[in-house]
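Everything on this sheet refers to the single structure shown next.
The values are calculated or read from the model by the stated rules, or taken from the named source; none is laboratory data. Everything numeric here is computed off the predicted structure, so don't read it as measured data. Here the Cβ positions follow ideal geometry from the backbone for every residue, glycine too, while neighbour counts run over all protein chains shown. Each accessible area value is taken on the protein alone, full model and side chains, heavy atoms only, with ligands, DNA and RNA left out. Shrake-Rupley method; radii C 1.70, N 1.55, O 1.52, S 1.80 Å.
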Amino acid sequence: MKYERISENRFNCIICPTPCDGVSKEVYLFQNDSAFSEHFENEIIAHINNSNDFKARKTPLPEFPDIEVSEKLTDNISFYIEVKVQRRTFMSVEKILPQSELLPSETVALNLSDLLRYFEIAEMENMKIYVLWVLLNRPCILGDKDKRFFYSDTDNLQKIYGNVKDKRRFRRKSGEGDVVNGEHKGVVVNYHFSLTELKEWKGF
């Protein structure tokens, strides 16, 4: 399956001021990444709570997405948001997953087990679930911005998953920082999507 390319996503790495080296860092600081993601979750919750129609809070159920959004007047849950902060891109995607037809600059990832679980929750609850990627440290996409937000609902992501199956799946080796208090918490199996398949959120 071929996807339409967005010209801005094709970036000349030679002129990039902070080029990615394509080498795995092999140190995955789960606790640092978790705290960093929580910062953006709180930022998004505060932004939604300043709106007229909705209010948001951290989801109390651990297996559900990060944020629960309700109608302000009725308290009825309207949808959920899963927040994924991407500080690195998959520079070797064309080499390791050539069948994915993805470019490094456009690639974003999500824990495969989370993705499949959200498909199930969306169907079980008959509820919209949005995955919101926060992109940082990617000048090829950010331009003069410090961050950009791209999102999709699970209906769209499930269609893509159904079309390409395991062509977008990748298991990395476990590394330092994956294990916290004797429990392996780091994500090792990811599923990848293209920014061309998502929409940009300009809510901030």
Log entry, pairs with first residue in the range 92-111 being under 15 Å from ARG138 (Cα atoms) and among the polar types (S, T, N, Q), second being at pLDDT 90 or above and not in a loop (DSSP other than H, G, I, E, B), beta carbons closer than 8 Å, six or more apart or on different chains, reads THR107/HIS192; THR107/PHE193; THR107/SER194; THR107/LEU195
Over the range 122-131, the set of residues open to solvent by 10 Å² or more (accessible area, probe 1.4 Å) and closer than 20 Å to SER37 by Cβ is TYR130
>> Whether any residue in the range 95-116 is at pLDDT 95 or above, surrounded by fewer than 21 Cβ atoms within 10 Å (Cβ to Cβ), closer than 24 Å to ASN163 by Cβ and of a type in the set (Lys, Arg) is what I want to check.
In response: no
When the range 159-204 is checked residue by residue, the ones that are at pLDDT below 90, of a type in the set (A, V, I, L, M) and under 19 Å from the mean Cα position of the chain (by Cα) are VAL187, VAL188, VAL189
For the range 47-66 the number of residues that are open to solvent by less than 30 Å² (accessible area, probe 1.4 Å) and either out of contact with any strand residue (DSSP E or B) (no Cβ under 8 Å at 6 or more places or on another chain) or more than 19 Å from LEU112 (Cα to Cα) (or both) is 3
PRO139: passes all of (1) out of contact with any Cys (no Cβ under 9 Å at 6 or more places or on another chain); (2) open to solvent by 20 Å² or more (accessible area, probe 1.4 Å); (3) of a type outside the set (Ser, Thr, Tyr) but (1)
